[in-house]
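Single-structure report; data block below.
The values are calculated or read from the model by the stated rules, or taken from the named source; none is laboratory data. Owing to the predicted nature of the structure, the values given are computational and were not obtained by experimental measurement. In this analysis, Cβ positions are derived from the backbone assuming ideal geometry, glycine residues included, and neighbour counts consider all displayed protein chains. Heads up: the accessible areas ignore ligands, DNA and RNA and are worked out on the full protein's heavy atoms, side chains in. Shrake-Rupley method; radii C 1.70, N 1.55, O 1.52, S 1.80 Å.
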Amino acid sequence: DWAFAGGADIVVASAAALAEEAVAAVGESRVIVAQNGVDTLHYRNTDHDQVEIPAELVEFRKKYSKVVGYFGAIAPWLWYEGIQALTKARPDIGFVFIGPDYYGGVKSLPTDENVLYLGSVNYKILPAYAKQFDVCFIPFEPGEIARTTSPLKLFEYFALERPVVVTAWMNECVAHPEVYRGSSVAELSQAIDAAFAVKDDPAMRRRYAEMADENSWNSRAEAISAAFDLLGRR
């Protein structure tokens, strides 16, 4: 309210939906769009190949030839009903969840044999764990958070050169045609199959790497630096 009432010279919006609200309030000339981004060097660091993976993940990876993974907050805005139905519908796929428990979200995760929850993992070694994923997943429930969030993990997944499947109401994610999506459990299951079909495609992996570069923190800094031109350099 303070910013929209004139308290800020420039408003930086982190999602297209938020930018629309900001433009309506202060005008297009005072709004910059800069979504979340990724530290590409961190995710491409070959040192992660030397990190020791916990035995439970190694054994899970041996058991399932196909693994779908998620890292991030295990929070109220995940679509737990859909996740539970999906994991039951696809016993042929292993599902891995990594992240801190927000407000008791972990108790809503399925406990099926093909689901592995690893808790929190230090960001310094997170890429080593995430490289065990074949396909990456962002299953937010329908609602305002899904509509207006630019998930950091989307671009981190791109840096890992992994195909991404999301729930269809995640506007910032589905703006990228390369991202697979579904609005039902059946559609998500089909989207996961489609993602598996391209996971080893060299052309797609190159495209994901390009998308990571296009959405690096350096690119975000360049976007925000436009504020100096809008304000006039002093």
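Within region 179-197, identify whether any single residue is hydrophobic (A, V, I, L, M, F, W, C) and part of a loop (DSSP other than H, G, I, E, B), and answer yes or no. Scanning region 179-197 turns up at least one residue that is hydrophobic (A, V, I, L, M, F, W, C) and part of a loop (DSSP other than H, G, I, E, B). Looking at the structure I just gave you, is Val31 touching a residue at least 24 places away in the same chain (Cβ under 8 Å) and of a type in the set (Val, Ile, Thr)? No, not satisfied. Can you name the number of the only condition in (1) touching a Ser or Thr at 6+ places or on another chain (Cβ under 7 Å); (2) of a type outside the set (Val, Ile, Thr); (3) open to solvent by 30 Å² or more (accessible area, probe 1.4 Å) that Trp77 fails? Here Trp77 clears every test but (1). Name the single residue, out of those in region 26-48 being more than 23 Å from Leu152 (Cβ to Cβ) and of a type outside the set (Ser, Thr, Tyr), that is most open to solvent (accessible area, probe 1.4 Å). Taking the candidates together, the pick is Glu28.
Selection of region 200-231 for residues being farther than 16 Å from Ser150 by Cβ, of a type outside the set (A, V, I, L, M) and open to solvent by less than 30 Å² (accessible area, probe 1.4 Å) yields only Tyr208.
Among the residues making up region 82-102, those that are in contact (Cβ under 8 Å) with a residue 24 or more places away in the chain and over 21 Å from Tyr129 (Cα atoms) are Gly82, Gln84, Ala85, Leu86, Lys88, Ala89, Arg90. Every listed requirement among (1) within 20 Å of Asp213 (Cβ to Cβ); (2) modelled with pLDDT of 95 or more is met by Ser14 save one, (2).
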